[in-house]
Amino acid sequence: MEIFFATNNMNKVREAEAVLRDFGIKVVPVNVKKIEIQHDSLEEIAKYAARIAYTELGKPVVVEDSGLFIDSLNGFPGPYSSYVYKTIGLRGVLKLLEDYREIELRRARFVAVVALALSESDIKVFRGVAEGFIAFEIRGCKGFGYDPIFIPMGSTKTFAEMDVEEKGLYSHRGKAFRELGEWLHRMQQRR
Ligand code: ITT
């Protein structure tokens, strides 16, 4: 089986591949424009983008929207993670947290929402959450985005110090795509 994945981010493709491989599913990246509305809900952003991608592609397609939510900053940057990354960047985020010197005060979570559009009206949503902490400094050079400052719960490494397979065991994306894999597997067995 193969699924089309509309994204501009090849790191996301590699991470989805590492998970869906175990379900015998091949990920095919597609270059349809991902339309991102401004909204407080990742679900709404992902569902809207999936619907538009389906209309453009004319075939079932997956999109994914994700964000980093930092507790001491009341969930900032959340759905605005992409903009914040491009503007203040990792150093800016670390600066916002410089008065929070205990790791417990640096609690954060990554959330990923995978939306599979089967038609323009039938959209399935799969959600994955990775709990963790914002590191005190930038560490590691693998991965992308906020990976060098995010330490998932249960590890001492940042995501940027892990290879794709290890990150997938902890990550929001790993969890959301595993949910998708299990769902597709169940659907196939029903046929
Ligand atoms: P799309 O084309 O799929 O939209 P994107 O990179 O723009 O790719 P998002 O809008 O979903 O992705 O992501 C929002 C931001 O959150 C993104 O710019 C990253 O900096 C960050 N992010 C998301 N997942 C991440 C991860 O696993 N590790 C580090 N940063 C991540």
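Considering (1) near the ligand (Cβ under 10 Å from one of its atoms); (2) aromatic (Phe, Trp, Tyr); (3) buried (at least 19 other Cβ atoms within 10 Å of the Cβ), the lone condition that Tyr54 does not fulfil carries the number (1). Evaluate the following for Val84: is it closer than 24 Å to Arg178 by Cα, near the ligand (Cβ under 10 Å from one of its atoms), out of contact with any Phe, Trp or Tyr (no Cβ under 6 Å at 6 or more places or on another chain) and at pLDDT 95 or above? No; evaluated as a whole, the condition is false for this residue.
Looking across region 19-44 at every residue that is among the β-branched types (Val, Ile, Thr) and under 20 Å from Ile3 (Cα atoms), the one that is farthest from the ligand (Cβ to nearest atom) is identified as Ile25. Scanning region 126-140 finds no residues that are in a helix (DSSP H, G or I), out of contact with any Gly (no Cβ under 7 Å at 6 or more places or on another chain) and either surrounded by 14 or more Cβ atoms within 10 Å (Cβ to Cβ) or in contact (Cβ under 8 Å) with a residue 12 or more places away in the chain (or both). Note on region 143-157: among residues that are near the ligand (Cβ under 10 Å from one of its atoms) and part of a loop (DSSP other than H, G, I, E, B), the one that is nearest to Arg91 (Cα to Cα) is Tyr146. Residues in region 34-65 that are under 13 Å from Leu118 (Cα atoms) and part of a loop (DSSP other than H, G, I, E, B) were compared, and the one that is farthest from the chain's Cα centre (by Cα) is Gly58. State which residue is nearest to Lys34 (Cα to Cα) when the search covers only region 1-14 and only residues that are more than 7 Å from the ligand (Cβ to nearest atom) and among the charged types (D, E, K, R). Applying the filter and picking the extreme gives Arg14. The residue that is nearest to the ligand (Cβ to nearest atom), counting only those in region 112-142 that are among the basic types (Lys, Arg) and farther than 26 Å from Thr87 by Cβ, is Arg127.
Would you confirm whether any residue within region 74-84 is surrounded by fewer than 14 Cβ atoms within 10 Å (Cβ to Cβ) and assigned to a helix (DSSP H, G or I)? Before you say what the answer is, go through the steps one by one.
Taking region 74-84 as the starting set, the residues that turn out to be surrounded by fewer than 14 Cβ atoms within 10 Å (Cβ to Cβ) are 74, 83.
Narrowing further to those that are assigned to a helix (DSSP H, G or I): 83.
The answer is yes, given that some residue of region 74-84 is surrounded by fewer than 14 Cβ atoms within 10 Å (Cβ to Cβ) and assigned to a helix (DSSP H, G or I).
Is it the case that region 102-111 has a residue that's within 14 Å of the ligand (Cβ to nearest atom), over 23 Å from Phe177 (Cβ atoms) and either free of Cβ contacts under 8 Å to residues at least 24 places away in the same chain or not in a strand (DSSP E or B) (or both)? Lay out the reasoning, then the answer.
To start, the set of residues in region 102-111 that are within 14 Å of the ligand (Cβ to nearest atom) comprises 108-111.
Adding the requirement that they be over 23 Å from Phe177 (Cβ atoms) leaves none.
No, because not a single residue in region 102-111 is within 14 Å of the ligand (Cβ to nearest atom), over 23 Å from Phe177 (Cβ atoms) and either free of Cβ contacts under 8 Å to residues at least 24 places away in the same chain or not in a strand (DSSP E or B) (or both).
Say whether the condition of being in a loop (DSSP other than H, G, I, E, B) and either within 13 Å of the chain's Cα centre (by Cα) or touching a residue at least 40 places away in the same chain (Cβ under 8 Å) (or both) is met by at least one residue in region 11-26. So far as region 11-26 goes, yes, one or more of its residues are in a loop (DSSP other than H, G, I, E, B) and either within 13 Å of the chain's Cα centre (by Cα) or touching a residue at least 40 places away in the same chain (Cβ under 8 Å) (or both).
The values are calculated or read from the model by the stated rules, or taken from the named source; none is laboratory data. This structure is a prediction, so every number in the text was calculated from the model and none was measured. Note that we place each Cβ from the backbone using ideal geometry, even for glycine, and neighbour counts take in every protein chain shown.
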